[in-house]
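Taking it in order: structure first as structure tokens, then the write-up.
The values are calculated or read from the model by the stated rules, or taken from the named source; none is laboratory data. Note that this is a predicted model, so its numbers are computed, not measured. Here the Cβ is made from the backbone with ideal geometry for all residues, glycine too, and neighbour counts use every protein chain on show. These area figures cover heavy atoms from the full protein model, side chains too; ligands, DNA and RNA do not enter into them. Shrake-Rupley method; radii C 1.70, N 1.55, O 1.52, S 1.80 Å.
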Amino acid sequence: QRAFVLVRFRDYLGGATVGLILWSTFFAYGHYLQGVQGSVVAGLFGFLFGVIYLVRGSLVAPVVAHSVYDAAALLAYWFLKASAES
């Protein structure tokens, strides 16, 4: 989705940088249900993954980075939850 939006901004709507800033802001707002901290983190990571996509010109690196982040967060949740219950 982010790549689709960034390409459209790059080609038709004022440039990839404008699209990256607007879409990252929109993405952060969409995560507001997670609280301010969750919203800010989502926006920053969305911005970072967008920059990686624009620099590399491929979705592979941001997809791998997102997958590693998700796996690390899930493992941290499992292990921290288990240690808190003991």
What are the ³J(HN,Hα) couplings of the stretch 18-31, residue after residue, when phi is run through the Karplus curve with 6.51, -1.76, 1.60 and θ = phi - 60°? Round to Hz, x for glycine and proline.
4, x, 5, 5, 5, 5, 5, 5, 4, 4, 4, 4, x, 9
Between 0 and 90°, nearest 10: helix 35-56 axis offset from the chain longest Cα axis:
50 degrees
Please express the Cα-Cα pair-distance distribution P(r) of the chain as a list of whole percents, one per 10 Å bin, running from 0 to the bin with the greatest distance.
18, 40, 29, 10, 4, 0
Where the accessible area of the chain is counted over protein heavy atoms with a 1.4 Å probe, how much of it, in %, is carbon and sulfur?
71 percent
Dipole of the chain, positive end: most advanced residue of PHE49, LEU74, GLY38 [Cβ charges, Cα centre]:
PHE49
Per residue value of the accessible surface for the chain (all protein chains in place, 1.4 Å probe), Å²
72 Å²
How large is the charge dipole for the chain, taken about the Cα centre, if only the Cβ atoms of Lys, Arg (+1) and Asp, Glu (-1) carry charge, to the nearest 20 debye?
200 debye
So, by mean Cβ neighbours within 10 angstrom, what's the order for 55-61, 14-20 with the highest one leading?
14-20, 55-61
Tilt, helix 60-85 to longest principal axis of the chain (alpha-carbon atoms), in degrees rounded to tens, equals 20 degrees
Using Cα atoms only, what is the angle between the long axis of helix 2-12 and the major principal axis of the chain, expressed in degrees (0 to 90) to the nearest 10?
20 degrees
